[in-house]
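Asks: Questions regarding the structure given below will be posed in turn.
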Amino acid sequence: MPTTCALCRRIIPDEASADPQAVQEHHLRPEERATSPTVLLCRPCHKQVHAVFTNEELRADYDTIELLQGAARLEEYLSWIRGTEKLDIQVTTSNRVRDRR
C-alpha cells in the first residue's frame, strides 16, 4: 500500500518500498523521542526539515505537521517538491542552522 508523506502530501509508490529509507519517521519534538508524536515523511522532506530548522526550533515552534506545512522557510521547497517524483535530493544545511547547532 502506498504511503503519503505527511508534509508534502506526495504519494510514495509501493516500488519505493525496496528502499527502506524512502519514507522516514520524523519525531515532531526532536530529542524527546520517548514522548514525541511521529509522522511519516518522504526522505527529501525529512532532510529539508532538518536542514532549515534546529531541533530547538522544531520543538518550540514547529511541533505539529500543520505548523511545518505553514512554515515560511518551507514554502518554496514544498511548492517545488510537490511537482516532482524525486526521492533523492541534494540538501544543504542553512548557515543559520549550522551556526546554532
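The values are calculated or read from the model by the stated rules, or taken from the named source; none is laboratory data. Since the model is a prediction, treat every value here as computed from it, not as a measurement. Using ideal geometry, Cβ is built from the backbone for each residue, glycine included, and neighbour counts are taken over all protein chains shown.
Here is a yes/no grid of residues against (1) at pLDDT 95 or above; (2) of a type in the set (D, E, K, R); (3) in contact with a Cys (Cβ under 7 Å, 6 or more places away or on another chain):
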residue: R9; (1), (2), (3): yes, yes, no
residue: D14; (1), (2), (3): no, yes, no
residue: Q21; (1), (2), (3): no, no, no
residue: E56; (1), (2), (3): no, yes, no
residue: L67; (1), (2), (3): yes, no, no
residue: I89; (1), (2), (3): no, no, no
residue: T93; (1), (2), (3): no, no, no
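Asks: Read through the list (1) touching a helix residue (DSSP H, G or I) at 6+ places or on another chain (Cβ under 8 Å); (2) in contact (Cβ under 8 Å) with a residue 24 or more places away in the chain; (3) in a loop (DSSP other than H, G, I, E, B), then give the number of the only condition that L58 fails.
Replies: The one condition L58 does not meet is (3).
Asks: In region 1-43, which residue that is among the small types (G, A, S), assigned to a loop (DSSP other than H, G, I, E, B) and surrounded by 13 or more Cβ atoms within 10 Å (Cβ to Cβ) is nearest to the chain's Cα centre (by Cα)?
Replies: Going through region 1-43, the residues among the small types (G, A, S) turn out to be 6, 16-18, 22, 34, 36.
If we keep only those that are assigned to a loop (DSSP other than H, G, I, E, B) too, we end up with 6, 22, 34, 36.
Retained after the next criterion (residues that are surrounded by 13 or more Cβ atoms within 10 Å (Cβ to Cβ)): 6, 22, 36.
Values: A6: 8, A22: 12, S36: 15 Å.
Checked region 1-43; the qualifying residue nearest to the chain's Cα centre (by Cα) is A6.
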